[in-house]
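To start, the structure under review is shown below, and the notes come after it.
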Amino acid sequence: MRKIFENQNLNSTLLRGFLAISKYKNLTRAAQEMCCTQSTLSLQLKKLEVELGVKLFERGARGMSITVEGQRLLPLAVSISSDMSEIGALFGNKETIELKIGIPDDFEGKLLEIALWDFGQEYPDVHVTAMAGCTSEFESEVRRDELDMAIISGPRYKSNTPFCQHENYWVCKQDSAVHRIDPLPLAMLERSCWWQDMVSEALNQQGRNWHTVFSSPSFGVTLSAIRSGRAVGILPASLMQDNFQILSDHEGFLKLPDSFRSVVVAEKASQEHVAAMSSSLQNAHRQVGGACVPT
C-alpha cells in the first residue's frame, strides 16, 4: 500500500468514505454519516478505486461487500484517519466549507453526477448541498443568502449571466395514439410559475379540449405518465427519451416557447467556488448533449 503515500490525489475524505462504506456495507447509510449524497459518495469511491488501481467493494443484493484489496487497505485507512483526527485536534479543525446550490430538477441524474465529480477533483473538501426542483424561488433564496448560487429558468434570461437556452416539446409515448384523444389527457407539472401558464396558454391557443389526468410538482411523475402511454406531457429537451415521440404541428401541436436559464450568485458567496461549480455544470451540460451559452 505504499502507493497511497506516493499518490498526491488521495485525501482524507476519500479514505473516510471508504471506512464508512466498510462499516455499514450500504451506500445510503454511509452517505448519511458522511453528510453527502449517495451519488457523491459513489463518485468518491470510484475515484479512490481509480487512484489505487484496485476494486475495493463488490455490489450485491445484500449491499456492499469488501474485496480482498479492500481488506488490505482497511487497517491502513483506519490508522491514517486516526492520525488525521489527532492532527486536527492538535491544531484546531478547519472550518467546514459549504457550497449551497439550486438547480432545475431535470439536472438531476447524469448531469449532476458529472458536475459533482468534476468539481470534487479540484475542491474535494468543499461540502456541496444541492437543492433540485422548481427554480421560481431560487432567486429570492440567493438574495437571502440561503443559496450561494442557482440556475433559474424562465421565458427569458433573468440575469446578466446566461447559462443555456433549450427547446420544450409536446411528448407522448412512441407508437401511442393518446394525442388523438379528445379531450386531450395531460400530465401536468403543478408549479406556480410561468411553466404552467405556458402549457395552458398553448392549449387554449390551439383550441384543444384537455383535462389533467396526472399532476405532480415532479418531472419524474410526468415522465412516468408519458411512459405509461396514458397522457401527453411537456418536457424540456434534456429529459427526452428514446421511446418518446415529439408532437409537432403535423399532429396539431404548435411549437412551444424556449426556456432560458441564467446563473444568479449571492453577494457573500465564495466567488472562487461559485465560478468553479458554474464551470462544472456547464461542462456537464455539454457532455449530456446540451448547448450552453458561451461565457
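Could you look through the range 167-201, keep only residues that are small (Gly, Ala, Ser) and outside any loop (DSSP other than H, G, I, E, B), and pick out the one that is nearest to the chain's Cα centre (by Cα)?
Initial filter on the range 167-201 (small (Gly, Ala, Ser)): 176-177, 187, 192, 200.
Cutting the leftovers down to outside any loop (DSSP other than H, G, I, E, B) gives us 187, 200.
On the way: ALA187: 23, SER200: 28 Å.
Step by step, filter the range 167-201, then rank; the result is ALA187.
From ALA237, ALA269, ALA231, grab the single residue that is touching a Phe, Trp or Tyr at 6+ places or on another chain (Cβ under 9 Å) and open to solvent by less than 20 Å² (accessible area, probe 1.4 Å). First the steps, then the outcome.
Details: ALA237 fails: open to solvent by less than 20 Å² (accessible area, probe 1.4 Å); ALA269 fails: touching a Phe, Trp or Tyr at 6+ places or on another chain (Cβ under 9 Å).
Only one candidate qualifies: ALA231.
For the range 242-255, indicate whether the set of residues that are within 21 Å of the chain's Cα centre (by Cα) and on the phi < 0 side of the Ramachandran plot is non-empty. Walk me through it before giving the result.
As a first pass, look at the range 242-255 and keep what is within 21 Å of the chain's Cα centre (by Cα): 242.
Now drop any that are not on the phi < 0 side of the Ramachandran plot, which leaves 242.
Yes, some residue in the range 242-255 is within 21 Å of the chain's Cα centre (by Cα) and on the phi < 0 side of the Ramachandran plot.
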Revision key, fill the gap. The number of residues in the range 33-72 that are exposed (fewer than 15 other Cβ atoms within 10 Å of the Cβ) and at pLDDT below 80 is 3
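Okay, residues lined up against (1) in a strand (DSSP E or B); (2) not basic (Lys, Arg):
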| position | (1), (2) |
| --- | --- |
| GLY17 | no, yes |
| ALA20 | no, yes |
| LYS23 | no, no |
| GLU33 | no, yes |
| LYS46 | no, no |
| VAL50 | no, yes |
| VAL54 | no, yes |
| ARG59 | yes, no |
| MET64 | yes, yes |
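Which residues, counting only those in the range 81-104, are surrounded by 14 or more Cβ atoms within 10 Å (Cβ to Cβ) and at pLDDT below 85?
Just the residues of the range 81-104 that are surrounded by 14 or more Cβ atoms within 10 Å (Cβ to Cβ), to begin with: 81, 84, 99-104.
Hits for the range 81-104 are SER81, MET84.
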Point to revise | Qualifying positions in the range 132-166 - free of Cβ contacts under 8 Å to residues at least 12 places away in the same chain and either crowded, with 21+ Cβ neighbours inside 10 Å or outside any loop (DSSP other than H, G, I, E, B) (or both) | key: GLU137, SER140
Review point. Can you find a residue in the range 202-224 that is in contact with a Cys (Cβ under 7 Å, 6 or more places away or on another chain) and open to solvent by 60 Å² or more (accessible area, probe 1.4 Å)?
Key: yes
Exercise for review: List every residue pair whose Cβ atoms lie under 8 Å apart, where the two residues are 6 or more positions apart in sequence or sit on different chains, the first residue falls within the range 25-43 and is over 16 Å from ASP125 (Cα atoms), and the second residue, located anywhere, is open to solvent by 60 Å² or more (accessible area, probe 1.4 Å) and assigned to a loop (DSSP other than H, G, I, E, B).
Suggested key: LYS25/ARG62
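What tally of residues in the range 105-131 results from selecting those that are open to solvent by less than 50 Å² (accessible area, probe 1.4 Å) and in a strand (DSSP E or B)?
Selection size over the range 105-131: 4.
The values are calculated or read from the model by the stated rules, or taken from the named source; none is laboratory data. Everything numeric in this text was worked out from a predicted model, so none of it was measured. As a convention, Cβ positions derive from the backbone with ideal geometry for all residues, glycine included, and neighbour counts pool all protein chains shown. In case anyone asks, the SASA skips ligands and DNA or RNA and just uses the protein heavy atoms, side chains included. Shrake-Rupley method; radii C 1.70, N 1.55, O 1.52, S 1.80 Å.
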